[in-house]
1. With (1) of a type outside the set (Ser, Thr, Tyr); (2) within 21 Å of A:Val368 (Cα to Cα); (3) out of contact with any Leu (no Cβ under 9 Å at 6 or more places or on another chain); (4) modelled with pLDDT of 90 or more as the list, and A:Glu57 as the residue in question, which single condition is left unmet?
2. Test of understanding: among A:Ala186, A:Ala212, A:Ala241, A:Ala192, which residue is assigned to a loop (DSSP other than H, G, I, E, B) and either away from chain B (no Cβ under 14 Å) or without any contact (Cβ under 8 Å) to a residue 12 or more places away in the chain (or both)?
3. Would you pick out the residues in the stretch B:151-175 that are open to solvent by 20 Å² or more (accessible area, probe 1.4 Å) and within 14 Å of chain A (Cβ to nearest Cβ)?
4. Quick one: is A:Glu36 open to solvent by less than 30 Å² (accessible area, probe 1.4 Å), in a helix (DSSP H, G or I) and more than 27 Å from A:Ala178 (Cβ to Cβ)?
5. Of all residues in the stretch A:50-74 being over 29 Å from the mean Cα position of the chain (by Cα) and in a helix (DSSP H, G or I), which is nearest to B:Arg106 (Cα to Cα)?
6. Hey, A:Ile103 hits all of (1) within 10 Å of chain B (Cβ to nearest Cβ); (2) in a loop (DSSP other than H, G, I, E, B); (3) touching a Phe, Trp or Tyr at 6+ places or on another chain (Cβ under 9 Å) but one; which does it fall short on?
7. Please specify each residue of the stretch A:123-147 satisfying the condition of being open to solvent by less than 30 Å² (accessible area, probe 1.4 Å), within 14 Å of chain B (Cβ to nearest Cβ) and outside any helix (DSSP H, G or I).
8. What's the total number of residues in the stretch B:250-270 that are open to solvent by less than 60 Å² (accessible area, probe 1.4 Å) and without any contact (Cβ under 8 Å) to a residue 60 or more places away in the chain?
Amino acid sequence: MTRTFLLLIIGFSPLFASVAYAGDVERAEHTRLSEEMRKLAQRNAWTAVEAQYQKLEALEAKGEVLTFAENKLGAEAARAIGNITACRQRLQKAAKIDGKPEIISWLEDIDKNYGPVKVTFDPDFAGERLLNPAVPPFAPDQRAAIGWVATYLAEGNNFDGILPAGEYDVSGVKVTVAVGGPKAVADVQPAAGTRRSLVHLAYVGPRIDVGAVVQFPGESFEGAVSESGLLQPASFGGVGARLGVGLELGISEGFGLIGQVGYHNLFGDPIVENPDSSQYVVEPNSIHMGYGWLAANVRAGELWIAAGPLYGVGVGTVTGLDPYCADSGKCTNGGDTTYSSVDDAEYQRLSGTIMAGGGAASVSYAFVDVGSLRGGVSVEGGAQTDLVRLYPWAQVAFTLAPSSDGGKN
Amino acid sequence: MLPGLIACAGLAGAVEVSWVGGGHGSNPQWSSDGAWLAFEVNNNADKVDLYVVKVANGAPAAPTRVAIPGSSSSFSGGGSFAANPVWHPKQSILIFEAANSGGTTRLYYFNPGSGSPAEYLNAAQAPGMLAWPAISPDGMSVAFTSSSSGAGDVFLFSQQTNKVALAFPSTKEPENAPKFAPDGKTVVFSRKSYGTEDVFSMLPGASAAGPVKGATGNGDQTRPRVAGSNIIYFTGERGDDRWDIGIVPLVGGDRRILARDIRLPQRSAPNLSADGTAVLYGSSEPARDGSVYICKLDGTGITEVKTGLSAVGDPAMISAGGKTFLAFTALPAAGSDWRQLHIVDVTGKY
């Protein structure tokens, strides 16, 4: 079983995030990018500085450690192009390295002048997506911030972030952004009579879960075998792989529905005490099962929790006879044949179909963008029953699912 | 005819503003609320630094150097430049011109006590070398010069539209030192032509800027500022690097000389008293250079504020919280030192 598990781990290893260790190549690139960024900053080439900083962030993900000066320069670049949310994040990183008064006061200045706002456009809105302040601010960072968000909205996105405090007109919707909140909300609706459809999904996309699984079908329920009188295997267990592919529909950014079909297998060594290899070849247990899963998915930021009913159909081959059959000698194969021998019960090999229903739940932490999708690590578990026994299982998986905002933010 | 000397105020308790690294202080400019003072420091090391200092009831805190992005000590050495601070008329924020070593001079915005300076107008909005910022009295427009359209033209930035436009048609002569009149629409400036510099104005509704009659002619007439219905400016019409302060009506007319042999400030236009009725200056005459002079624009008299120092210059005044403070630069009365910045309470003394 151990060997099988290792093979599974190796087989799935590309799916697991690589551990970050920076090497000489990354360090050299870090130095080059940093120098380039400084030179560009001296020329006020802020868009280029921003691009360099994003490359540094990619190196940071590989284990490189950015300096105070680099994060501060990144904040200045973000401020220059108007991305104040990114500016604030970089200032916080700089402050963690060195909490200089200039950085702290800068953060305070942002918090004193900006407020939270959420701007959404109904998908049926067909007008021009505009953001105009009632009184444009004097400070260039605030003007740039408004310009950046205005462009972002005009490109078809919704916005959830911060803007300079003040009154705004969002395509005809008045909204007042206040320092410290509450979050201002501008929900732009289509003009009367122009709505095209009744329901819009917040997101839609594929939901894929793939990973390693352990399963330990238990002993048969008490009386279940004796009442049916059919041959049943003893309890067994093993490890395997589980792959589910389906669709996730976002009713809102915080709630979605999952429909998934998949394949689940199990391989395990039978439990035979004192095996007599001279007479018997003990072959491994196996299950191959297809399944369907329907689930409701609640999303709280990067934490996703899904649960719902599960049904699987498959085939299994197991070595070892259920204790009742072994002891009573009264089990049949569904016909007239009664298997009464008990001496070699643990070597008996049974094959058959499995049809089992139950439920499954999944807890995921999303941490990476994969194109327009979000990737994360999931811990899943479930249990099914064929009314003879329970088939509990647990899985560690890599999950791909659509972003909560449909990839717009 | 020059106004006669009618008052003399003794001065006690001037406070010196100290900064690290030495250098000559110059061009102090008060924020509108009197809580901040911006000034330049030139330490003769191929760079000019800009400092701001918080001032509470006339007492300065430790000044802070205003470092533009890319100019911090770890990134660059000499050759950087940050000067010409102009405060917003309603908020404690300023814009100034600056350049990194070998870089292009641009306008920067700075909110003292919060963060680092940011470029005020990006290159897409206002390309070229930018200088001489001025903010309109309502704070909604900024005038400046740019090299993008020729030898140096005056541009206007509208905060309302977020757009930059030429203030008037471009000329082949360089223009400098624009200032708004109190109406927020009229702009006065100087234009260099044939080796001299004259005062011009761009009046509302006019299609082009025109010379201000009385503020043109021999020598340089430069750095004009509108005071009431008049323009005051520095004039070097007597030559030999001798500078006077002239005054003419905004619409042009007879020129009067308010003060002779003044110490020409490094960069600023003539500074006014807190109530706007008088012009401040220091004298270039050795026998008179230990005082700040406050000269009424209507010619009714001059108040001399003795400092006990020498080579007094760059006077700037503010009234805030019921008090009036005067900032100026000066050399020590004896010995040699850098030109230091001083602040003194002159409440009720002029």
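The values are calculated or read from the model by the stated rules, or taken from the named source; none is laboratory data. None of these values were measured; they are calculated from a predicted model. Quick reminder, even Gly has a Cβ in these numbers, built from the backbone with ideal geometry, and neighbours come from all protein chains shown. What goes into the accessible areas is simple: the full protein's heavy atoms, side chains included, and nothing from ligands, DNA or RNA. Shrake-Rupley method; radii C 1.70, N 1.55, O 1.52, S 1.80 Å.
1. For A:Glu57, the failing item is (3).
2. Being assigned to a loop (DSSP other than H, G, I, E, B) and either away from chain B (no Cβ under 14 Å) or without any contact (Cβ under 8 Å) to a residue 12 or more places away in the chain (or both) holds for just one of A:Ala186, A:Ala212, A:Ala241, A:Ala192, which is A:Ala192.
3. Correct list: B:Ser158, B:Gln160, B:Thr161, B:Asn162, B:Lys163, B:Val164.
4. no
5. If we take residues in the stretch A:50-74 being over 29 Å from the mean Cα position of the chain (by Cα) and in a helix (DSSP H, G or I), then A:Leu73 is nearest to B:Arg106 (Cα to Cα).
6. A:Ile103 satisfies all of (1) within 10 Å of chain B (Cβ to nearest Cβ); (2) in a loop (DSSP other than H, G, I, E, B); (3) touching a Phe, Trp or Tyr at 6+ places or on another chain (Cβ under 9 Å) except (2).
7. Those that are open to solvent by less than 30 Å² (accessible area, probe 1.4 Å), within 14 Å of chain B (Cβ to nearest Cβ) and outside any helix (DSSP H, G or I): A:Leu131, A:Pro136, A:Pro137, A:Phe138, A:Ala139.
8. Residues meeting the conditions: 6.
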